[in-house]
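Working notes, structure below.
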Amino acid sequence: MGVIVAVLLVGIPLAHALVGDLGAILLLTGVGGFALGRATAKHDIPGSAALRAKSQARRRQGGE
C-alpha cells in the first residue's frame, strides 16, 4: 500500500511534467488498476497473509 501512495505522490507530478495531462492520466489508470487487482484478487498474493494477520491483531488490541 505504501508503494502505491509513494508512486502517486511522486509519479503524478513527474508524469505531468514530462508528458503532460495524458501521462498523469495514464499513471493514475495504471496505479488504480493495479490497486483494484490486488484488492479483488481471488488467489493469495505473497505477503498479503502476513499483512492481514497484522491488521487483525491490531483490531483485537483496539486499533492502535
Ranking Val5, Val31 by Cβ neighbours within 10 Å, fewest first, what do you get? Val5, Val31
Simple label model, 7 Å out from Cα along Cβ direction - Ile12 to Ala35, nm: 0.9 nm
Taking the Cα centre as origin and putting +1 on Lys and Arg beta-carbons and -1 on Asp and Glu beta-carbons, what dipole magnitude results for the stretch 2-61, to the nearest 20 debye? 560 debye
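For the stretch 2-61, what is the convex hull volume of its Cα atoms per residue in Å³?
93 Å³
Values quoted throughout were computed directly from the atomic coordinates according to the rules given, and no laboratory measurement underlies them. Owing to the predicted nature of the structure, the values given are computational and were not obtained by experimental measurement. Methodologically, a virtual Cβ is constructed for each residue, glycine included, from the backbone with ideal geometry; neighbour enumeration extends over all protein chains shown.
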